[in-house]
Amino acid sequence: MLLTLDAGNTLFKGAVFENNRILYQFYCPFIEAEKKIGKIFSEYPKITHSIYSSVVIGDSNLVEILKKRTQLTQINHQFNFPFKNLYTTPSTLGIDRMVLSAGANLNFPNKNVLVIGAGTCITYDFVNANNEYLGGAISPGIQMRYKSLNNYTSKLPLLEKEIPESFIGNSTQNAIHSGVIDGIIYEIEGFISQYFLKYQDLTIILTGGDADFLAKSLKSTIFANSNFLLESLNLIFTHCIDND
């Protein structure tokens with residue numbers, strides 16, 4: 001059995017895989033990660049390997065636990081990814097973005113693939129048909145936009161995400177929902193349109209915690225998979241085993 005783990009900006013995510021099938025998955029705050037992992041090892045004693053990606057500083061204790069309990073594969077910038085990285089500042093490229101791009105490349109080899117990650121930030125990552133990572137874009141995610149309107153104004157309320165009934169907000173709350181949610185939808189559709197102008201044979205993957213929420217409002221044909229990062233870690237592990 002394989003334990004896949006990802007420490008993101010907001011949540012710690014993990015899944016137990018057996019024969020490329022998810023047996024169990026979870027999300028929790030990073031502070032609860034060690035306790036959660038201990039419970040998983042108790043419930044799934046046949047876990048022998050783990051693969052871990054992280055954007056968190058100060059996770060050394062967790063890494064040591066994984067090394068003691070499993071054969072650990074740790075994703076970092078020196079990892080041998082299946083694509084050629086043409087990012088001009090490769091050491092600053094987020095590990096999560098690299099994992100998503102590797103998953104896109106392994107799922108759709110020799111294809112033009114745009115991965116859109118809708119989480120704390122909205123990330124756009126593009127791998128072309130030559131298996132080259134070219135880059136993408138980063139913008140604020142849904143919660144970040146709601147919080148910024150509340151934090152940087154004196155009167156605008158902090159709201160929970162909600163699909164607006166109309167793009168014309170007829171109240172302050174509806175105007176905020178329209179500005180945040182419709183703004184993100186227009187942004188994503190705009191980026192997709194720009195990529196299609198240059199790459200007509202484009203595959204689009206939407207993932208992240210807000211993927212399912214946004215997918216129903218997008219007009220473009222996409223693969224919506226909120227578990228794509230964890231599945232990508234499983235694919236990367238399998239790729240490493242097959243090419244060892």
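If you stretched the chain out fully between Lys67 and Tyr199, how much longer would it get, using 0.36 nm times the residue separation minus the C-alpha to C-alpha distance?
Between Lys67 and Tyr199, full extension yields an extra 43.3 nm.
At 1.306 mPa s and 10 °C, plugging the Kirkwood radius over alpha-carbon pairs of the chain into Stokes-Einstein gives what diffusion coefficient in µm²/s?
Details: Rh = 19.1 Å.
So the translational diffusion coefficient is about 83 µm²/s.
Could you check what % of the DSSP bridge pairs in the stretch 1-112 are antiparallel, to the nearest 5?
Working: 13 of 23 bridges.
Rounded to the nearest five, the antiparallel share is 55 percent.
I need to check one value: relative contact order of the chain, counting alpha carbon pairs closer than 8 Å and at least 6 residues apart, in percent.
On the way: 408 pairs, mean separation 41.5, N = 244.
Result for the chain is 17 percent.
Against the longest alpha carbon principal axis of the chain, how many degrees, from 0 to 90 and to the nearest 10, is the axis of helix 95-107 turned?
Roughly 80 degrees between the two axes.
On C-alpha positions alone, give me the angle between the axis of helix 33-43 and the longest principal axis of the chain, in degrees, nearest 10.
Rounded to the nearest ten degrees, it is 50.
Could you list, in their original order, any pairs among Lys35/Lys68; Lys46/Lys67; Lys13/Lys84; Lys84/Lys111 whose Cα atoms are separated by more than 20 Å? Walk me through the intermediate numbers first.
Values: Lys35/Lys68 15 Å; Lys46/Lys67 15 Å; Lys13/Lys84 27 Å; Lys84/Lys111 14 Å.
Checking Cα-Cα distances, Lys13/Lys84 exceed 20 Å.
Mind giving me the FRET efficiency for Gln78 and Ser42? R0 is 35 Å, r the Cβ-Cβ distance, nearest 0.05 is fine. Kindly include the intermediate steps, with their values, before the conclusion.
On the way: r = 33 Å, r/R0 = 0.94.
So, using R0 = 35 Å, E works out to roughly 0.60.
Rounded to the nearest 20 Debye, what is the dipole magnitude of the chain about its Cα centre when Lys and Arg each give +1 and Asp and Glu each give -1 at the C-beta? Write down the numbers at each step before the final one.
Details: 19 positive and 22 negative charges, 58 e Å.
Here the size comes out at about 280 debye.
So, with a 1.4 angstrom probe, what is the percent of accessible area on the chain that is carbon and sulfur?
Details: 6490 of 12750 Å².
Carbon and sulfur together cover 51 percent of it.
When averaged across all projection directions, what area in nm² does the alpha-carbon convex hull of the stretch 165-244 cover?
Mean projected area for the stretch 165-244: 6.9 nm², to one decimal.
For the chain, what proportion of DSSP beta bridges, expressed in % and rounded to the nearest 5, is antiparallel? Mind dumping the intermediate values first?
On the way: 26 of 46 bridges.
Just about 55 percent of them are antiparallel.
Expressed in nm², what is the orientationally averaged projection area of the convex hull enclosing the Cα positions of the stretch 204-244?
Numbers: hull surface 12.4 nm².
Computed as one quarter of the Cα hull surface, the answer is 3.1 nm².
For an R0 of 35 angstrom, estimate the FRET efficiency from the Cβ-Cβ distance between Leu86 and Tyr186 and round to the nearest 0.05. Please list the in-between numbers first.
Working: r = 28 Å, r/R0 = 0.81.
With a Förster radius of 35 Å, E is 0.80.
Mind listing the phi-derived Karplus ³J(HN,Hα) values for the stretch 234-243, rounded to whole Hz, using 6.51, -1.76 and 1.60 with θ = phi - 60°, and x for any glycine or proline?
So the J values, rounded to whole Hz, are 4, 5, 4, 4, 4, 4, 5, 5, 5, 10.
For the stretch 101-130 and the stretch 7-36, compute the distance between their C-alpha centroids and round to whole Å.
So the separation of the two Cα centres works out to 22 Å.
With viscosity set to 1.306 mPa s and temperature to 10 °C, compute the Stokes-Einstein D of the stretch 136-178, Rh being the Kirkwood radius across alpha carbon pairs; µm²/s, no decimals. Working shown, then result.
Numbers: Rh = 11.1 Å.
The estimated diffusion coefficient comes to 143 µm²/s.
What area, in nm² and to one decimal, does the C-alpha convex hull of the stretch 1-74 cast on average over all directions?
Working: hull surface 17.4 nm².
Averaged projected area of the stretch 1-74's Cα convex hull equals 4.3 nm².
With viscosity set to 1.002 mPa s at 20 °C, what whole-number translational diffusion coefficient in µm²/s follows for the stretch 106-244 from Stokes-Einstein and a Kirkwood radius over Cα pairs?
On the way: Rh = 16.4 Å.
Roughly 131 µm²/s, to the nearest whole number.
Once the Cα gyration tensor of the stretch 130-205 is diagonalised, what are the square roots of 5 times its eigenvalues, in whole Å and ordered largest first, as equivalent ellipsoid semi-axes? Intermediate results must be reported in sequence, preceding the final value.
Numbers: eigenvalues 192, 44, 14 Å².
Taking √(5λ) for each eigenvalue gives 31, 15, 8 Å, largest first.
Using only Cα atoms and rounding to the nearest 10 degrees, what angle (0 to 90) does helix 183-198 make with the longest principal axis of the chain?
Helix 183-198 sits at roughly 70 degrees to that axis.
The values are calculated or read from the model by the stated rules, or taken from the named source; none is laboratory data. Because the structure is predicted, anything quoted here is derived from the model rather than measured. Counting neighbours? That spans all protein chains shown, and the Cβs are built from the backbone with ideal geometry, glycine included. Note: areas computed on protein heavy atoms with side chains; ligands, DNA, RNA excluded. Shrake-Rupley method; radii C 1.70, N 1.55, O 1.52, S 1.80 Å.
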